[in-house]
Amino acid sequence: MIVLTDVHKRFGANPVLRGVNLTVPKGESMVIIGGSGTGKSICLKCILGLVTPDHGTITVDGKQTQNTNRAQFLARFGMLFQGGALFDSLPVWQNVAFRLLRGPLKRPKAEARAIAIEKLRRVGLSGDVADHLPSELSGGMQKRVGLARAIAANPDIIFFDEPTTGLDPIMAGVINDLIREIVVDLGVTAITITHDMTSVRAIADRVAMLHDGVIQWTGPVGDMENSGDPYLTQFIHGRADGPISAIR
Ligand SMILES: Nc1ncnc2c1ncn2[C@@H]1O[C@H](COP(=O)(O)OP(=O)(O)OP(=O)(O)O)[C@@H](O)[C@H]1O
Ligand SMILES: [Mg+2]
């Protein structure tokens with residue numbers, strides 16, 4: 001479904017991606033792990049076209065992403081941004097229904113609101129929050145509003161950038177189950193970025209570890225424990241000693 005071939009991206013003197021190769025099969029859940037600042041979020045932004053790679057190709061369904069009609073291309077995607085990226089002047093329901101209120105996916109307003117409330121329930125929020133502004137919610141609630149927005153238009157590809165960061169363990173479990181359900185029941189292709197190893201085990205079919213600008217290791221989630229890769233082993237066990245320096 002999604003193929004990155006030799007993708008490079010540099011910001012000034014900082015060569016973030018140095019030849020990323022990654023294949024995400026249709027209907028599978030890929031989890032990307034890796035240290036802070038290694039370029040995980042940038043990878044997702046490159047696929048979406050929010051950041052333009054310096055070199056390399058990205059294809060979705062066999063088509064190069066640069067050559068597609070932007071509106072049609074993006075209509076297939078849902079994205080939970082790491083920082084939430086909610087519109088602070090819009091009430092919660094209009095954030096969730098944002099794409100259902102305009103553009104190619106537009107619906108009548110009452111229908112868009114009803115869908116927003118249903119999606120809010122799916123992420124564990126009651127309809128009471130619908131008319132609040134994002135600033136009136138806790139950080140974890142804002143995160144879930146971002147999740148509800150990502151799934152609102154029933155996309156067939158969804159990216160979740162740190163979906164459980166800042167949530168209590170029970171709510172994190174609810175969100176992990178929801179992501180798994182979306183992939184299994186709806187056949188969605190998902191890429192999730194997380195630092196939470198419980199999430200990785202709950203969500204992933206496959207795991208890819210980004211380190212030093214390349215995919216250091218990739219494979220089925222069940223192969224992660226006995227990979228024999230010193231970088232992956234250090235990362236998943238959170239050890240201070242190993243080939244990955246703590247200073248970045
Ligand atoms: N627009 C930008 N301009 C300049 N540098 C950027 C820009 N966006 C990201 N970077 C740099 O690219 C690197 C990778 O950033 P990215 O957000 O992808 O990290 P990450 O792996 O998602 O980290 P984290 O786990 O902390 O979220 C960082 O060094 C960051 O400073
Ligand atoms: Mg990030």
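The values are calculated or read from the model by the stated rules, or taken from the named source; none is laboratory data. All values reported here derive from a predicted model rather than from experimental measurement. Please note: Cβ atoms are built from the backbone with ideal geometry, for glycine as well, and neighbour counts cover all protein chains shown. Remember, those area values only see protein heavy atoms, side chains included, never the ligands or the DNA or RNA. Shrake-Rupley method; radii C 1.70, N 1.55, O 1.52, S 1.80 Å.
For A130, the test of being open to solvent by less than 20 Å² (accessible area, probe 1.4 Å) and closer than 24 Å to V24 by Cα is failed. Being within 14 Å of ligand 2 (Cβ to nearest atom), in contact with a strand residue (DSSP E or B) (Cβ under 8 Å, 6 or more places away or on another chain) and at pLDDT 95 or above is a property that G19 lacks. Residues of segment 151-179 that are in contact with a Leu (Cβ under 7 Å, 6 or more places away or on another chain) and either open to solvent by 10 Å² or more (accessible area, probe 1.4 Å) or within 16 Å of ligand 2 (Cβ to nearest atom) (or both): A153, F159, F160, D161, P163.
All told, G140 meets the bar of being farther than 27 Å from V60 by Cβ and open to solvent by 10 Å² or more (accessible area, probe 1.4 Å).
Please go through segment 218-230 and give me each residue that is more than 19 Å from the chain's Cα centre (by Cα) and either among the hydrophobic types (A, V, I, L, M, F, W, C) or under 20 Å from T192 (Cβ atoms) (or both), ordered by number.
Keep residues of segment 218-230 that are more than 19 Å from the chain's Cα centre (by Cα), which gives 222-230.
G222, D223, M224, E225, S227 - these are the residues of segment 218-230 that are more than 19 Å from the chain's Cα centre (by Cα) and either among the hydrophobic types (A, V, I, L, M, F, W, C) or under 20 Å from T192 (Cβ atoms) (or both).
Where helices (runs of 4 or more DSSP H) fall wholly inside segment 1-99, the ranges with 1 or more residues that are buried (at least 20 other Cβ atoms within 10 Å of the Cβ) and not aliphatic (A, V, I, L, M) are 40-48, 92-96. Residue under question is T189, and the condition is that it be within 16 Å of ligand 2 (Cβ to nearest atom) and in contact with an Asp or Glu (Cβ under 9 Å, 6 or more places away or on another chain); does it hold? No. What number of residues in segment 189-217 are hydroxyl-bearing (S, T, Y) and surrounded by fewer than 20 Cβ atoms within 10 Å (Cβ to Cβ)? Within segment 189-217, residues that are hydroxyl-bearing (S, T, Y) and surrounded by fewer than 20 Cβ atoms within 10 Å (Cβ to Cβ) number 1.
For segment 64-79, the condition holds for at least one residue, the condition being that it is under 22 Å from G166 (Cα atoms), at pLDDT below 95 and in contact with an Asp or Glu (Cβ under 8 Å, 6 or more places away or on another chain). So, of the residues in segment 27-67 that are over 19 Å from W217 (Cα atoms), of a type in the set (A, V, I, L, M, F, W, C) and without any contact (Cβ under 8 Å) to a residue 60 or more places away in the chain, which turns out to be farthest from ligand 2 (Cβ to nearest atom)? Taking the candidates together, the pick is I58.
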